[in-house]
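Enquirer: Right, I'll just put the structure down here and ask away after.
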Amino acid sequence: MGNPAIETRQANSPSINVVGANNRIVVGVVGLGFGWGQNHLIGIQQHAKENNVIVGAACDVFDLRRAWALKSAGLKEADVYLDYRRMLDRQDIDAVLVATHDPLHAQISLDSLDAGKHVYCERPLSRYLGEAFQVFDKVKSSRKVFQLGEQSCSAGGWRKSAELVNEGKIGTLVWGQADYCRNGGPGCDGCFLISKEASPATVAWKNWLGPLKERPFNATHFHQWRLYEDYSAGLLATAAAHRLHPHMLASGNPQFPQRVTCISSHHLPDNPYWPKAVGRQVPAHVELMAEFPAGYLLSVTCSWLNAKNPAPALYGHKATLTIGGSGERVELLPEKAFADTVAPESFMRLHAEDVREHERNWFDCIRSGRRPNADVELSIRAQVVLSLAEMSDRLNTTCLFDETTRKVTDGFGREIIPFSYGSAGSI
């Protein structure tokens with residue numbers, strides 16, 4: 001694989017619809033929750049003129065959110081859908097933005113690609129590993145642009161770091177350190193308030209469950225799904241994914257992992273800022289380590305129990321790179337032994353992490369055929385790390401990955417059956 005930080009290609013061509021509409025892109029948004037869905041819809045509309053785009057349709061399983069789209073987004077009744085598949089039937093929709101809960105990411109992406117649409121899918125790529133490879137294979141065989149919703153990958157600091165690594169400025173890349181830590185507070189794990197209007201009469205529950213086993217409606221699960229293993233890998237799918245993708249990008253040549261291990265803690269001490277939830281299943285603190293074929297080791301620590309974050313860094317044998325702020329600055333600090341040959345450097349006022357910039361990158365790539373900043377090549381490699389980390393933690397083992405066969409084994413060579421819907425996996 002080439003370097004996704006700097007490589008471009010023409011493998012993805014603009015859709016016929018875009019060219020036929022004076023280069024304007026018509027977007028359909030699936031998922032209008034209080035997290036990214038509403039943010040994307042409003043943000044795309046606010047920058048519609050400068051990006052030459054328009055939100056042509058929106059979809060959600062909750063009556064209240066569809067009503068919000070009609071009122072706040074200025075859409076017509078005919079442009080708001082309960083079932084996303086009806087939206088995909090429209091020939092005027094060029095691109096689909098997927099902002100649902102994790103179990104629907106893969107299927108909506110696959111259906112959208114089959115319908116000839118470009119796709120922007122919020123992280124993670126999928127709930128489970130098998131369906132992640134289905135999306136990867138589908139994107140590779142299509143002529144459509146896929147962007148994962150990890151906006152940190154559009155920050156200048158991570159991309160500059162990839163250039164410096166590839167130029168040999170820090171010598172051999174040895175290891176990387178990534179952290180995402182908070183101490184409770186609103187939004188942790190997506191613990192949004194439960195709407196009183198949510199009920200079996202107002203939520204298309206079977207549509208929301210998607211590939212999951214049928215069960216009675218549960219308003220807590222519907223709003224706070226990131227706390228439950230059936231719907232989410234918890235911190236691994238949120239905070240860890242947010243740090244993992246840019247760190248892998250910054251390595252200059254993201255690889256599939258060859259070994260991943262992960263441990264976690266479910267300890268939840270009293271904290272006035274911690275949202276209360278019934279039957280929480282996912283851990284509140286996780287630590288993963290991934291080993292890549294080139295010898296690079298990456299450590300990621302995420303916690304909702306302590307807010308102190310060490311500076312993100314990539315350590316080479318000649319120098320260290322630290323990435324500051326929201327990815328807008330990079331410092332190169334030489335090791336003492338190489339101080340005479342490696343000069344310290346600082347890169348300031350680079351593009352900071354910005355979801356609007358990430359959306360714009362997707363739009364630009366749809367028109368040009370260039371490789372987006374968080375393309376499917378990076379996404380699948382990061383998803384393998386995240387999926388193996390979840391299996392490692394829950395099965396209490398180390399997971400090894402063979403990128404040729406796509407098989408997972410433990411340290412004794414025994415095959416591990418990856419987690420999937422209705423299955424906790426096995427060795």
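Enquirer: Quick check on Ser112: is it among the hydroxyl-bearing types (Ser, Thr, Tyr), over 21 Å from Leu209 (Cβ atoms) and in contact (Cβ under 8 Å) with a residue 12 or more places away in the chain?
Expert: no
Enquirer: Next question, about the same structure. Which of the residues spanning the stretch 77-101 are loosely packed, with under 14 Cβ neighbours inside 10 Å, free of Cβ contacts under 8 Å to residues at least 24 places away in the same chain and in contact with a helix residue (DSSP H, G or I) (Cβ under 8 Å, 6 or more places away or on another chain)?
Expert: Glu77 - this is the single residue of the stretch 77-101 that is loosely packed, with under 14 Cβ neighbours inside 10 Å, free of Cβ contacts under 8 Å to residues at least 24 places away in the same chain and in contact with a helix residue (DSSP H, G or I) (Cβ under 8 Å, 6 or more places away or on another chain).
Enquirer: So Glu331 passes all but one of these: (1) touching a residue at least 40 places away in the same chain (Cβ under 8 Å); (2) in contact with a strand residue (DSSP E or B) (Cβ under 6 Å, 6 or more places away or on another chain); (3) acidic (Asp, Glu). Which condition number does it fail?
Expert: In the conditions (1) touching a residue at least 40 places away in the same chain (Cβ under 8 Å); (2) in contact with a strand residue (DSSP E or B) (Cβ under 6 Å, 6 or more places away or on another chain); (3) acidic (Asp, Glu), Glu331 misses (1) alone.
Enquirer: Among the residues of the stretch 267-294 satisfying the criterion of being exposed (fewer than 11 other Cβ atoms within 10 Å of the Cβ) and not basic (Lys, Arg), which is modelled with the lowest pLDDT?
Expert: Top of the filtered list is Pro272.
Enquirer: Let me ask you something else. Within the stretch 357-381, track down each residue that is under 24 Å from Asn22 (Cβ atoms), among the small types (Gly, Ala, Ser) and assigned to a helix (DSSP H, G or I).
Expert: Selection gives Ser368 alone.
Enquirer: Within the stretch 102-118, which residues are surrounded by fewer than 24 Cβ atoms within 10 Å (Cβ to Cβ) and closer than 15 Å to Phe222 by Cβ?
Expert: Across the stretch 102-118, the qualifying residues are Asp102, Pro103.
Residue by residue, here is whether (1) touching a Phe, Trp or Tyr at 6+ places or on another chain (Cβ under 6 Å); (2) in a strand (DSSP E or B); (3) without any contact (Cβ under 8 Å) to a residue 60 or more places away in the chain holds:
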site: Gly176; (1), (2), (3): no, yes, no
site: Asp179; (1), (2), (3): no, yes, no
site: Pro200; (1), (2), (3): yes, no, yes
site: Trp208; (1), (2), (3): no, no, no
site: Leu235; (1), (2), (3): no, no, no
site: Ala241; (1), (2), (3): no, no, no
site: Pro246; (1), (2), (3): yes, no, no
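Enquirer: Being of a type in the set (Gly, Ala, Ser) and either at pLDDT below 95 or over 12 Å from Ser112 (Cα atoms) (or both) is the filter here, so list the residues in the stretch 53-101 that pass it. Even if it seems obvious, please write down each step before you answer.
Expert: Applying the first criterion (of a type in the set (Gly, Ala, Ser)) to the stretch 53-101 yields 56-58, 67, 69, 72-74, 78, 95, 99.
Passing the criteria: Gly56, Ala57, Ala58, Ala67, Ala69, Ser72, Ala73, Gly74, Ala78, Ala99.
The values are calculated or read from the model by the stated rules, or taken from the named source; none is laboratory data. As the structure is a prediction and not an experimental result, all values here were calculated from the model. With ideal geometry, Cβ positions are generated from the backbone for all residues, glycine too; neighbour counts draw on all protein chains shown.
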